[in-house]
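Bear in mind that the values in this text are calculations on the coordinates, not laboratory data. Because the structure is a prediction, the values reported are computed rather than measured. Because the Cβ atoms are built from the backbone with ideal geometry, glycine has one as well, and the counts that use them run over all protein chains shown.
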Amino acid sequence: MGSRPLTASSERIRAALEGWLVQAGGPFVLGLCGAQGSGKSTLASLLTEGLEDRGRKVAVLSLDDLYLSRARRAERARGAHPLFAVRGPPGTHDVGAGISLLDALKAGHPVRLPRFDKAEDAPAPSETWPVLDGPVDVVIFEGWCVGATPESPEALAPPINALEARDDPHGVWRRAVNDALAGPYADLFSRIDRLVMLAAPSFEVVRAWRTQQEHDLKRRLAADGRTGAHVMSDADIARFIQHYERLTRHMLRDMPARADLVLHLDEHRRLKDAA
């Protein structure tokens, strides 16, 4: 995906940041939320480049890089619910590590920024993680459910798709996800100073974006000679994204009223308007 469709979004966020940073009393944590494939990573890179051009030191932390290993998710699947074997929803991240990282960045300590290899479905070797020395001005904390809040118990009752109806008929998994949002994830997200949302036009568009992401990953891996790495088929993606559907739809309804800046995107990720 090229960066051009997100340039206007980047400019809007940078303009808002200039005002927010004046009020900041130390390292500023910007939460950047957007559904799968909305362009968060590309936008974070654009923001970093623009801020560094203005003399700001920036750290980027992705929620995706906090995923638990396959083995740790399997352990959670055995103890809580089988659907926790699949990475993505709350309950499949190392929240404690994220809290420690944000606290260390806020305190100006040197840190190693974790990296997760999605093709291997495992954290990258820690010796390959980039080291960030000294204090930073801005931490961009990006992720698909960054800043999300739990749903009401009533909303959890009916299954939202075939995955929930078949694999979580009694709501055990979705209640556990909701409890995670109300507990440790709320603690993690409380470190955010301001929250920006990239709002997709619909969940159906998100499905198309996620499919495109996987096709792009397949091309990159082939170019690197990693033809043996796991890449999902379109059928795999159709099932995989059902793990994200409930919370994505909830955020599209709930988050625009809470976020400090909402950037509404069209199906091509172009900025439509802002609120």
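Excluding R175 itself, what net charge comes from residues whose Cβ is under 13 Å from its Cβ, given Lys and Arg +1 and Asp and Glu -1?
Computed value for this residue: -3.
Hey, what's the per residue convex hull volume over the C-alpha atoms of region 151-196, in cubic angstrom?
Details: hull volume 4.2 nm³, N = 46.
Cα convex hull per residue, to the nearest whole number: 91 Å³.
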Vicinal HN-Hα couplings computed from phi for region 53-61 (Karplus, 6.51 cos²θ - 1.76 cosθ + 1.60; Hz; Gly/Pro x): 4, 9, x, 8, 8, 10, 10, 10, 10
What distance in nm separates the simple spin-label points at E18 and A107, each placed 7 Å from Cα in the Cβ direction? 3.5
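Share of antiparallel DSSP beta bridges in the chain, in percent to the nearest 5?
Working: 8 of 28 bridges.
For the chain, the DSSP antiparallel bridge percentage is about 30.
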Taking a ≥ b ≥ c as the square roots of the Cα gyration tensor eigenvalues, with a/c under 1.5 meaning rounded and otherwise prolate when a/b beats b/c, else oblate, which class fits region 114-176? oblate
Relative contact order of the chain, please, whole-number percent, based on alpha carbon pairs below 8 angstrom and at least 6 residues apart. 27
How large is the Kirkwood hydrodynamic radius of region 24-67, counting all unique pairs of alpha carbons, in Å? 11.7
R0 = 41 Å: FRET efficiency of V131 with K272, Cβ-based, nearest 0.05? 0.55
Name the residue farthest towards the positive end of the dipole of region 4-274 from the options L102, G50, P114, assuming +1 on Cβ of Lys and Arg, -1 on Cβ of Asp and Glu, about the Cα centre. P114
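Calculate the dipole size of the chain relative to its Cα centre from +1 charges on Lys and Arg beta carbons and -1 charges on Asp and Glu beta carbons; express the result in debye to the nearest 20. Let's see the in-between values first.
Details: 36 positive and 37 negative charges, 47 e Å.
Around 220 debye, computed over the chain.
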What net charge do the residues around N161 carry, taking every other residue with its C-beta under 13 Å from that of N161, with Lys and Arg at +1 and Asp and Glu at -1? +1
Rg from C-alpha atoms of region 150-257, normalised by the globular rule of thumb 2.2 N^0.38 Å, equals 1.27
Longest principal axis of the chain (C-alpha) makes with the long axis of helix 70-79 (C-alpha) an angle, in degrees to the nearest 10, of 50
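Please report, in debye to the nearest 20, how large the charge dipole of region 1-116 is about its Cα centre when each Lys and Arg carries +1 at its beta carbon and each Asp and Glu carries -1 there. Walk me through the intermediate numbers first.
Values: 16 positive and 10 negative charges, 73 e Å.
Dipole of region 1-116, to the nearest 20 debye: 360 debye.
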Once the Cα atoms of helix 242-254 and of the chain are each reduced to a long axis, what angle between those two axes, in degrees from 0 to 90 to the nearest 10, is obtained? 50
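Would you calculate a helix-derived [θ] at 222 nm for the chain, using -39,500 (n - 2.57) for each DSSP H run of n ≥ 4 and dividing by the full residue count, to the nearest 500? Could you put the intermediate results ahead of the total?
Details: 11 runs with 122 residues, N = 275.
Roughly -13500 deg cm²/dmol at 222 nm, from the helical runs in the chain.
For region 1-125, take the convex hull of the Cα atoms, compute a quarter of its surface area, and give me that in nm², please. Before the final figure, lay out each step's value.
Numbers: hull surface 36.4 nm².
Projected over every direction and averaged, the Cα hull of region 1-125 covers 9.1 nm².
Could you pull out the pairs from K57/K272; K40/K118; K57/K106 whose alpha carbons sit more than 20 Å apart here? Write out the running numbers ahead of the final one.
Details: K57/K272 30 Å; K40/K118 16 Å; K57/K106 13 Å.
Check vs 20 Å cut-off fails for K57/K272.
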In the neighborhood of P135, defined by Cβ-to-Cβ distances under 10 Å, what is the net charge if each Lys or Arg adds +1 and each Asp or Glu adds -1? 0
